[in-house]
Amino acid sequence: MSELLVDFITSLDGHASGKGWPGFWGLEGPEYLAWLGEQPEVTYLMGANTYRLMSGFAAGEVPDGQDEFRPEEEASVDELTQAPKVVFSSSLEEPLTWANSTLVRDDAVEAVRAMKANGSGLLSTIGSLALSRSLLRAGLVDRFRVVMFPVITGATGEERIYDGYPDVALDMTEHRTFDGRIQLVEYKPRVLAHPPLDVTA
């Protein structure tokens, strides 16, 4: 059976990106980059918007406000290109041009449920806020990981991650600090039907 990880990098105030900011908010350091390089192989899950954005980067498009990719960003995109990717979309057309990408038109929740039951290894979302929210709400997420960068993007932040989420209890399974400033927290999530009377239950 496969394990499903929802994986976000965020500003401290919960934005997945910020207008005009470089990748990793320009704050990645050697410890964090080394940790990224040690991660196990995964199959990435994404929606159409994330696919369009990331496949554009792979084709050479650079984010607004940048003239070119920094080496760290280029390496990250290259690694994604090599990894298997499953894209859930009713609007994209086959064949997908980004290498190692498979298009799935079926309901994402049911498709991922089947992938978990019949597969092995690690499945991980990348970006794709609506997809991640749907998978969490359906109770399919085994691990919920957030890496918080030390910026508050109140003026320029985009893609608020937690809007529309159900109430979720989080049992911490890992925490770590990289480069003295980047904070990783990982949890086992439990979707709640209502706030618990006993928050430790």
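The values are calculated or read from the model by the stated rules, or taken from the named source; none is laboratory data. Keep in mind the model is a prediction, meaning the values are calculated, not measured. Because the Cβ atoms are built from the backbone with ideal geometry, glycine has one as well, and the counts that use them run over all protein chains shown. Please note that ligands, DNA and RNA were not included when accessible areas were found on the heavy atoms of the full protein model with its side chains. Shrake-Rupley method; radii C 1.70, N 1.55, O 1.52, S 1.80 Å.
Annotations
- Pair list, Cβ < 7 Å and 6+ apart or interchain, from segment 50-63 residues that are under 14 Å from THR81 (Cβ atoms) to residues that are open to solvent by 50 Å² or more (accessible area, probe 1.4 Å): SER55/THR97
- Note on segment 1-106: enclosed helices (runs of 4 or more DSSP H) holding 2 or more residues that are open to solvent by less than 80 Å² (accessible area, probe 1.4 Å) and among the acidic types (Asp, Glu) are 71-82.
- Taking residues in segment 96-119 that are at positive phi, and partners anywhere that are open to solvent by less than 60 Å² (accessible area, probe 1.4 Å) and modelled with pLDDT of 95 or more, the pairs with Cβ atoms closer than 7 Å and at least 6 places apart or on different chains are ASN100/LYS85.
- The residues in segment 131-167 that are over 11 Å from the mean Cα position of the chain (by Cα) and aliphatic (A, V, I, L, M) can be counted, and the count is 9.
- Boolean, ASP163 is of a type in the set (Asp, Glu), assigned to a loop (DSSP other than H, G, I, E, B) and either touching a helix residue (DSSP H, G or I) at 6+ places or on another chain (Cβ under 8 Å) or open to solvent by 30 Å² or more (accessible area, probe 1.4 Å) (or both): yes
- Being within 18 Å of HIS175 (Cβ to Cβ), modelled with pLDDT under 95 and not small (Gly, Ala, Ser) is not true of GLU31.
Per-residue answers, yes or no, for (1) open to solvent by less than 20 Å² (accessible area, probe 1.4 Å); (2) in a loop (DSSP other than H, G, I, E, B); (3) touching a Cys at 6+ places or on another chain (Cβ under 9 Å):
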| site | (1), (2), (3) |
| --- | --- |
| SER124 | yes, no, no |
| ARG133 | no, no, no |
| VAL141 | yes, yes, no |
| VAL146 | yes, no, no |
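- Per this entry, VAL109 is counted among residues that are aliphatic (A, V, I, L, M) and in contact with a Ser or Thr (Cβ under 9 Å, 6 or more places away or on another chain).
- Selection status of VAL151, open to solvent by less than 30 Å² (accessible area, probe 1.4 Å), farther than 30 Å from PRO95 by Cα, assigned to a strand (DSSP E or B) and of a type in the set (Val, Ile, Thr): no
- Checked against the criteria, LEU12 counts as touching a strand residue (DSSP E or B) at 6+ places or on another chain (Cβ under 7 Å), among the hydrophobic types (A, V, I, L, M, F, W, C) and more than 30 Å from ALA111 (Cβ to Cβ).
- Which numbered condition SER120 misses (of (1) open to solvent by 70 Å² or more (accessible area, probe 1.4 Å); (2) at pLDDT 90 or above; (3) among the hydroxyl-bearing types (Ser, Thr, Tyr)): (2)
- Candidates ALA114, ALA59, ALA99, ALA75 - the one that is out of contact with any Pro (no Cβ under 9 Å at 6 or more places or on another chain) and within 22 Å of ARG133 (Cα to Cα): ALA114
- Flag for ALA111 being part of a strand (DSSP E or B), of a type in the set (Gly, Ala, Ser) and either at pLDDT below 95 or in contact with a strand residue (DSSP E or B) (Cβ under 7 Å, 6 or more places away or on another chain) (or both): no
- Single residue of segment 177-187 satisfying the filter (open to solvent by 30 Å² or more (accessible area, probe 1.4 Å) and over 14 Å from ASP7 (Cβ atoms)) that is nearest to the chain's Cα centre (by Cα): GLN183
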